[in-house]
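For reference, the structure is listed below as structure tokens.
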Amino acid sequence: MKTKAYPLPPSEHSRRTFLKQAGLLSAACLVAPSVLASPLAPQKKIGIQLFTLREVIRRDIQSILQKVAKAGYQEVETYGYSRRGHFWGIPSKNFGTLLKENNLTAPSGHYDLENYLLGKKPDDLKVYIEAANEIGSTYVTVPYLQEQSRRTADDFKRIAAKLNEGGEWCKNAGLKIAYHNHDFEFTSFNGVTGMDILLNETDKSLVDFELDLYWVLRSNQDALAMFKNHPGRFTMWHVKDMDKVNQDLNTEVGKGKVPFRQLFAKAKLSGLKHFFVEQETNYQPDEIGSIQTSLHYLRKELLK
């Protein structure tokens, strides 16, 4: 039986556009204390997926990175890199320097790898590997697949094979490839989901997964069971919460329905190395206020 098809939040449509083009950034103001160590996730740094701030970072990336760092975030996950636009108009080497100047690192970036995975543009991955290495990343991450690319079990098998190939390329370049989920991966094909295929048919030494905790809950899946069945595979998470009233919406971390305390308690089983706060909708009172609230909850409740 197929899992229920849910409508995507409006921001998911925006993400697809941003995967193919980079925007310019505008400044925002952030203030929060630094992160403490945690028995639940020892030595883990708090990261943020910059897509969270897509509407307020269009004019001045230098300022926004300064404010993100001042807030207490130590890692960022990029999105929207392109050959022409680079990282928000900044060439890779210069962007890497900018990160260092703000004591930030970018362990992962979301890159538009769909054409590579479909065998259409083999050079895309090489370009993204170069960019990732120039900014000091560890992961080149697949963020999304268009509907026409993942309609059948065979589609997912082909994607898995290309992930293995890409994993070899990344390994040779000192990187790793990772796959980020939404809900469609949990569609069942005669009792086997797309996610099952990706996990079972990719080489665990070459391919990691970035688990979006919101989409796992949205799809009525059990993240803890996934950790148990595939220990060590989920080396990155999107720490994204679900609004208690409207599941189509996000909310600040700790205010919604995602059982973060239970999940962080199993971080070691998951293989967690990096996690990134992400919120795409329903900001209170605005994007900046929301990421401050999420950081405060993580520091006080999960990472204390």
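The values are calculated or read from the model by the stated rules, or taken from the named source; none is laboratory data. This structure is a prediction, so every number in the text was calculated from the model and none was measured. Because the Cβ atoms are built from the backbone with ideal geometry, glycine has one as well, and the counts that use them run over all protein chains shown. These area figures cover heavy atoms from the full protein model, side chains too; ligands, DNA and RNA do not enter into them. Shrake-Rupley method; radii C 1.70, N 1.55, O 1.52, S 1.80 Å.
One decimal place: the segment K157-R84 gains 23.1 nm when fully extended, by the rule 0.36 nm per residue minus the C-alpha distance.
Convex hull volume of the Cα atoms in segment 77-212, per residue, in Å³?
Per-residue hull volume (Cα only) is 102 Å³.
DSSP beta bridges fully contained in the chain are about 20 percent antiparallel. With protein chains left intact and a 1.4 Å probe, residues in the chain average 42 Å² of accessible area per residue. Carbon-plus-sulfur accessible fraction, segment 97-166 (probe radius 1.4 Å, protein heavy atoms only): 42%. If each Cα of the chain is one equal point scatterer, what is log10 of I(q)/I(0) from the Debye formula at q = 0.12 Å⁻¹? Results for the chain at q = 0.12 Å⁻¹ read -0.74. Using the Cβ-Cβ distance between V127 and A265 with R0 = 45 Å, the FRET efficiency computed as 1/(1 + (r/R0)^6) comes to roughly 0.70. Taking 0.36 nm per residue of sequence separation and removing the Cα-Cα distance, the N164/L118 pair yields an extension gain of 15.2 nm.
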